[in-house]
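Worksheet: the structure to be examined is printed underneath.
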Amino acid sequence: MTYRYRFISEHRAIYGVKRLCQVLGLRRQGFHEWVAAEAARIRRAEAEAELVRLITEIHAEHQGAYGVPRVTAELHRRGIVVNHKRVERLMRAHGLAGITRRKRRTTTRPAAGPVTPAQDLIRRDFTAEKPGTRLVGDITCLPTFEGWLYLATVIDLHTREVVGHAMADHMRTDLVCDAIDLATARGLVQPDAVFHSDRGVQYTSSQFRAALAEHRIRPSVGRVGSCYDNAVAEAFFATLKTEIGVSIWRTRAEARQDVFTWLRYYNHNRLHSTVGHNTPAEARTSYPQALAA
């Protein structure tokens, strides 16, 4: 119908509206109503073009990592009321999509010989009533032409913030102890907090248990071979490796810098669905206000 109305509009000076409507089997009233709505159509087209510009801008700002949910959430944060289905349609029409995750390479090495592991105090309940009380951690490896760079993290289950991390060219127990030390030095861990991990040799060692005890943190471990028991830490590393955008670095120093930059972005700029599409840092800083309210 629109095409026929447009044809009439383009040729009415030559043939007249009445004749063209008769030939095309249309009502003149319908054509005139279409003409009267032209201004509204132009405004809608301009608004959609501006929305596409904003979507493209958000997508580029986050290195193509954001899909429909986070793009929609960021638009809402900017005061733009839009349905996620509309965002999905526009992103698909313009070839925009979030980055999909890659498979994670495991670094878990169970301790040799008899081990007396801690209990599982988390039991797949990855929630926390307040910051600094329930934490999870793990180790991953990043490839460089100089060899592996190992990253250990400490993640707060209330905010999903990386409150502590450490990087080294080894995955000895010192690595995970350094991550815990940083988290506590920043004042982001409460006394009697729980730290949950897998049963890797680093996390079940007496050295790490002593480090936790020094900071008044209770250990917790999942079952052998069950990635779901530490799903938050596993998912975090999957997101990091997907979004950081480098398959292999030239040097460990370059990898270290890129990881540090991405961790800052993750904590302070990246919207997290688990904390209401806020950033992890916002979730932490807003906790006192929420408690007061």
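Each residue in the stretch 225-259 was checked for being more than 22 Å from L157 (Cβ to Cβ), in contact (Cβ under 8 Å) with a residue 40 or more places away in the chain and surrounded by fewer than 16 Cβ atoms within 10 Å (Cβ to Cβ), and 6 of them qualify.
Taking helices (runs of 4 or more DSSP H) that do not extend beyond the stretch 1-96, which have at least 2 residues that are under 30 Å from K241 (Cβ atoms) and under 36 Å from the mean Cα position of the chain (by Cα)? So that I can check it myself, show each step before the final result.
Working: elements: 2-15, 17-24, 28-36, 38-61, 68-77, 84-93.
By residue number, 38-61, 68-77, 84-93.
The set of residues from the stretch 189-198 being assigned to a loop (DSSP other than H, G, I, E, B) and buried (at least 21 other Cβ atoms within 10 Å of the Cβ) comprises V189, D198.
In the stretch 208-217, the count of residues that are under 22 Å from R256 (Cβ atoms), crowded, with 22+ Cβ neighbours inside 10 Å and either among the basic types (K, R) or touching a strand residue (DSSP E or B) at 6+ places or on another chain (Cβ under 9 Å) (or both) is zero. For D125, the test of being without any contact (Cβ under 8 Å) to a residue 12 or more places away in the chain and farther than 17 Å from R199 by Cα is passed. Being within 17 Å of the chain's Cα centre (by Cα) and in the same structural domain as L212 (by the TED database) is a property that T144 lacks.
Does at least one position in the stretch 194-209 carry a residue that is closer than 20 Å to P131 by Cα, in contact (Cβ under 8 Å) with a residue 12 or more places away in the chain and out of contact with any Ser or Thr (no Cβ under 8 Å at 6 or more places or on another chain)? No, the stretch 194-209 contains no residue that is closer than 20 Å to P131 by Cα, in contact (Cβ under 8 Å) with a residue 12 or more places away in the chain and out of contact with any Ser or Thr (no Cβ under 8 Å at 6 or more places or on another chain). Number of residues in the stretch 24-71 that are aromatic (F, W, Y) and modelled with pLDDT under 75 equals 2.
Assigned to a strand (DSSP E or B) and touching an Asp or Glu at 6+ places or on another chain (Cβ under 7 Å): does that describe T140?
No; evaluated as a whole, the condition is false for this residue.
Of S220, S247, S273, all but one fail to be of a type in the set (S, T, N, Q) and touching a strand residue (DSSP E or B) at 6+ places or on another chain (Cβ under 7 Å); the exception is S220.
Which of the helices (runs of 4 or more DSSP H) found entirely inside the stretch 199-293 contain at least 1 residues meeting this: farther than 22 Å from C177 by Cβ and at pLDDT 90 or above?
Details: elements: 206-214, 231-243, 252-268, 280-285, 287-292.
Because the criterion is at least 1 residues that are farther than 22 Å from C177 by Cβ and at pLDDT 90 or above, the helices (runs of 4 or more DSSP H) in the stretch 199-293 that meet it are 231-243, 252-268, 280-285.
The values are calculated or read from the model by the stated rules, or taken from the named source; none is laboratory data. Computed from a predicted model, the values in this text were never measured in an experiment. With ideal geometry, Cβ positions are generated from the backbone for all residues, glycine too; neighbour counts draw on all protein chains shown.
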